[in-house]
């Protein structure tokens with residue numbers, strides 16, 4: 001079996017952003033469920049937070065291929 | 001014309017997982033020329049965006065026709081939902097740039113799932129890098145133009161009402177994050193999203209093809225699973241591709257808003 005240990009490391013590194021993105025969308029769903037009319041405002045904020053948390057996972061996959 | 005990457009074609013009976021090598025394309029018109037498939041995608045993408053907006057604005061009328069409606073919908077989306085919520089009225093003059101950016105990135109991304117092309121040009125780091133540098137120059141330029149060189153960096157690094165000891169910590173961090181980290185994360189986010197998405201699609205399709213053609217027999221039945229996954233992932237990729245174009249433009253707008261804000 002061939003492979004690269006980097007990918008195992010990337011899998012571990014992706015846990016953090018995965019949890020973070022889950023928390024962000026959980027909060028978003030909670031917010032919309034409590035106050036449906038705030039959906040438009042919350043959507044932009046949720047996607048912004050998602051993009052920032054996702055950047056960590058993205059840096060991880062970049063390093064997995066580069067290192 | 002090499003529309004398919006021949007260098008990485010699987011050989012022998014062992015499965016060759018796709019890797020970064022699948023993103024290197026030979027020149028389209030034989031050895032010695034420089035024009036590769038990602039360049040073709042970018043040229044076509046620029047043409048598509050230009051032609052669509054030319055047709056949309058050619059016969060502008062009070063009651064919009066089909067093409068004008070399409071153009072105005074996209075423009076209105078960027079103006080109201082992205083710029084309106086972040087920069088406000090002051091941001092009207094950035095709407096043309098941000099609209100073009102959104103359409104250009106969206107077209108380049110979506111070319112990753114279009115038949116025949118099937119390569120997101122933004123997976124090559126050079127294209128997002130140039131776009132991120134343009135955004136970086138714009139938000140720094142408008143910030144310096146509004147607050148002056150000294151005022152801009154003072155507002156960025158030393159926000160008013162902050163105790164001096166914290167400034168020692170905060171000033172270098174703020175400088176790093178605003179001037180150096182921002183363009184890098186803009187670039188990497190777009191590039192590697194497209195890179196990873198394309199890699200996953202390649203893996204499912206090539207894996208299915210390997211089971212069906214190379215292995216055969218009982219494994220051919222199993223190839224239904226990766227092929228089904230590839231179809232589901234294609235729809236998911238379509239969503240991610242448009243979302244990433246939106247995120248790139250949203251962040252550009254936020255950076256411009258931050259540079260224009262009176263106090264941070």
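Order of B:16, B:147, B:198 from fewest to most other C-beta atoms within 10 Å? Don't skip to the end; give the middle numbers.
Numbers: B:16 15, B:147 18, B:198 21.
Fewest-to-most ranking of B:16, B:147, B:198: B:16, B:147, B:198.
Got the relative contact order for chain B handy, in percent, Cα pairs under 8 Å and 6 or more residues apart?
Numbers: 257 pairs, mean separation 61.3, N = 264.
This gives 23 percent for chain B.
Could I have the simple spin-label model distance between residue B:145 and residue B:235, label points 7 Å from Cα toward Cβ, reported in nm to one decimal?
In this crude spin-label approximation the distance works out to 4.5 nm.
Quick check: the angle from helix B:182-209's long axis to the longest principal axis of chain B, C-alpha only, nearest 10 degrees?
Helix B:182-209 and the main axis of chain B meet at about 10 degrees.
Evaluate E = 1/(1 + (r/R0)^6) for residue B:180 and residue A:5, where r is the Cβ-Cβ distance and R0 equals 25 Å; express this FRET efficiency to the nearest 0.05. Before the final figure, lay out each step's value.
Working: r = 30 Å, r/R0 = 1.20.
So the FRET efficiency works out to roughly 0.25.
Taking only Cα atoms and a 10 Å spring cutoff, compute GNM fluctuations for chain B and point out the largest among B:216, B:207, B:50.
Of B:216, B:207, B:50, the most mobile in the Gaussian network model is B:216.
Using alpha-carbon pairs under 8 Å, 6+ residues apart, how would you state the relative contact order of region A:5-66 in percent?
Working: 34 pairs, mean separation 31.9, N = 62.
Relative contact order comes out at 52 percent.
Is region B:201-256 best put as rounded, prolate or oblate by its Cα gyration tensor, with a ≥ b ≥ c the root eigenvalues, rounded for a/c under 1.5, and otherwise prolate when a/b is larger than b/c, oblate when not?
Working: a/c = 8.05, a/b = 4.33, b/c = 1.86.
Prolate, because a/c is 1.5 or more and a/b exceeds b/c.
Does region B:61-200 come out rounded, prolate or oblate, given a ≥ b ≥ c as the square roots of the eigenvalues of its C-alpha gyration tensor, rounded meaning a/c under 1.5 and, failing that, prolate meaning a/b above b/c?
oblate
Could you list the square roots of 5 times each eigenvalue of the Cα gyration tensor of region A:3-51, that is, the equivalent ellipsoid semi-axes, sorted largest first and rounded to whole Å? Don't skip to the end; give the middle numbers.
Working: eigenvalues 200, 18, 6 Å².
Three semi-axes, in Å: 32, 9, 5.
Output the Kirkwood hydrodynamic radius of the protein assembly as shown, Cα pairs only, in Å rounded to one decimal.
Averaging 1/r across every pair of different Cα atoms and inverting gives 22.4 Å.
Which value does Rg/Rh take for region B:89-172 over its C-alpha atoms, Rh per Kirkwood? Please list the in-between numbers first.
Numbers: Rg = 18.7 Å, Rh = 15.9 Å.
Using only Cα positions, Rg/Rh for region B:89-172 is 1.18.
How much length, in nm to one decimal, is gained on full extension between residue A:29 and residue A:48, taken as 0.36 nm per residue of separation minus their Cα-Cα distance?
Working: separation 19, 0.36 × 19 = 6.84 nm, distance 1.49 nm.
Extra length available between residue A:29 and residue A:48 comes to 5.3 nm.
Helix-derived [θ] at 222 nm for chain B: sum -39500 (n - 2.57) over DSSP H runs of at least 4, divide by residue count, nearest 500?
Numbers: 8 runs with 163 residues, N = 264.
It comes out at -21500 deg cm²/dmol, rounded to the nearest 500.
Over the alpha carbons of region B:11-114, what is the largest minus smallest coordinate on each principal axis, giving the biggest first in Å?
For region B:11-114, the Cα spread along each principal axis is 62, 30, 25 Å.
Averaged across orientations, what area in nm² does the convex hull of the alpha carbons in region B:107-155 project?
Values: hull surface 17.1 nm².
Averaged projected hull area, Cα only: 4.3 nm².
Using only the alpha carbons of chain B, determine the length spanned along each of the three principal axes and report them from longest to shortest in whole angstroms.
73, 57, 40
How big is D for region B:142-264, in µm² s⁻¹ as a whole number, if Stokes-Einstein is applied with the Kirkwood radius of its Cα pairs at 25 °C and 0.890 mPa s?
Working: Rh = 18.2 Å.
Estimated diffusion coefficient is 135 µm²/s.
Each reported figure results from applying straightforward, stated rules to the coordinates on display, with no laboratory input. This is a predicted model, so every value here is computed, not measured. Glycine gets a Cβ as well: all are built from the backbone with ideal geometry, and neighbour counts include every protein chain shown.
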